[in-house]
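Trainee: Input: one structure, supplied below.
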Amino acid sequence: MDAVCRRLVHDLGEALRAHGWRLATAESCTGGLLASTLTDVPGSSEWFEGGVVAYDNRVKICLLSVDQDLLLGHGAVSRDCVEAMVRGLCRLLDVAVGLAISGIAGPSGGSSEKPVGTVWIACSLNGRVSSKVHHFAGDRLAIKEQSALTAVAELLDRMMKKGASESNAP
């Protein structure tokens, strides 16, 4: 983990700790890299609850309560899917804060509509869900690393902008 990433995770942990919130992750294309990145920082046990690697759609359906029809209609790499993943995750692990990632890390699997590097990231902060699509470049590992780092940065940014006005209740 480089110094920038370490600093972002440290700052995210401090923000979570200050609010008394715990974070959980739901990951598809990153395969647990986000959770690993978060737990690389000492003290993460104070604010990181755990994660679900929902690589296969069956895991998304069975553990995260993503509707099968949603997956058939929109696909796993979609706004609808990551938002359902993060909602299901927060219910499953009873946390105030959640991050979900689903994308195409490549080198194959892309299409003209969703090329390799297309990644959706959703975050839930006390039940308020937001999501964003990204288009990353590079090989499989580079896309996974960019996805994890961007998820941390986006959640931290959201907490810094809106966290002060959010309730402490999960």
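Trainee: Among the residues of region 36-59, are any of a type in the set (Lys, Arg) and free of Cβ contacts under 8 Å to residues at least 40 places away in the same chain?
Mentor: Yes, that holds for at least one residue.
Here is a yes/no grid of residues against (1) within 15 Å of CYS90 (Cα to Cα); (2) touching an Asp or Glu at 6+ places or on another chain (Cβ under 8 Å); (3) hydrophobic (A, V, I, L, M, F, W, C):
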{"site": "ARG17", "(1), (2), (3)": "no, yes, no"}
{"site": "ALA26", "(1), (2), (3)": "yes, no, yes"}
{"site": "LEU33", "(1), (2), (3)": "no, yes, yes"}
{"site": "VAL41", "(1), (2), (3)": "no, no, yes"}
{"site": "SER44", "(1), (2), (3)": "no, no, no"}
{"site": "ALA54", "(1), (2), (3)": "yes, yes, yes"}
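Trainee: Can I ask one more? Counting only residues that are closer than 17 Å to ALA24 by Cα and in a helix (DSSP H, G or I), how many does region 48-61 have?
Mentor: The total comes to 2.
Trainee: In contact (Cβ under 8 Å) with a residue 40 or more places away in the chain, surrounded by 23 or more Cβ atoms within 10 Å (Cβ to Cβ) and among the β-branched types (Val, Ile, Thr) - does that describe any residue in region 76-91?
Mentor: yes
Trainee: What are the residues in region 35-75 that are hydrophobic (A, V, I, L, M, F, W, C), touching a helix residue (DSSP H, G or I) at 6+ places or on another chain (Cβ under 6 Å) and surrounded by fewer than 21 Cβ atoms within 10 Å (Cβ to Cβ), if any?
Mentor: VAL41, ILE61, LEU70, LEU71, listed by residue number.
Trainee: Out of the residues in region 67-120 meeting the condition of being outside any helix (DSSP H, G or I) and of a type in the set (D, E, K, R), tell me which one is nearest to the chain's Cα centre (by Cα).
Mentor: ASP94
Trainee: Quick one: is GLY13 under 17 Å from the mean Cα position of the chain (by Cα), outside any loop (DSSP other than H, G, I, E, B) and free of Cβ contacts under 8 Å to residues at least 40 places away in the same chain?
Mentor: For GLY13, the condition - under 17 Å from the mean Cα position of the chain (by Cα), outside any loop (DSSP other than H, G, I, E, B) and free of Cβ contacts under 8 Å to residues at least 40 places away in the same chain - is met.
Trainee: Test each condition in (1) surrounded by 16 or more Cβ atoms within 10 Å (Cβ to Cβ); (2) aliphatic (A, V, I, L, M); (3) under 20 Å from LYS114 (Cβ atoms) for VAL9 and report the one that comes out false.
Mentor: (3) is the only condition that VAL9 fails.
Yes or no, residue by residue, for (1) small (Gly, Ala, Ser); (2) in contact with a His (Cβ under 6 Å, 6 or more places away or on another chain); (3) under 21 Å from LEU8 (Cβ atoms):
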position	(1), (2), (3)
ILE104	no, no, no
SER112	yes, no, no
VAL119	no, yes, yes
LEU125	no, no, yes
GLU145	no, no, yes
ALA148	yes, no, yes
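Where a number appears in this text, it was derived from the coordinates with a stated rule and is not lab data. For clarity, every value in this text was computed on a predicted model and none was experimentally measured. Note that each Cβ is placed from the backbone with ideal geometry, even for glycine, and that neighbours are counted across all protein chains shown.
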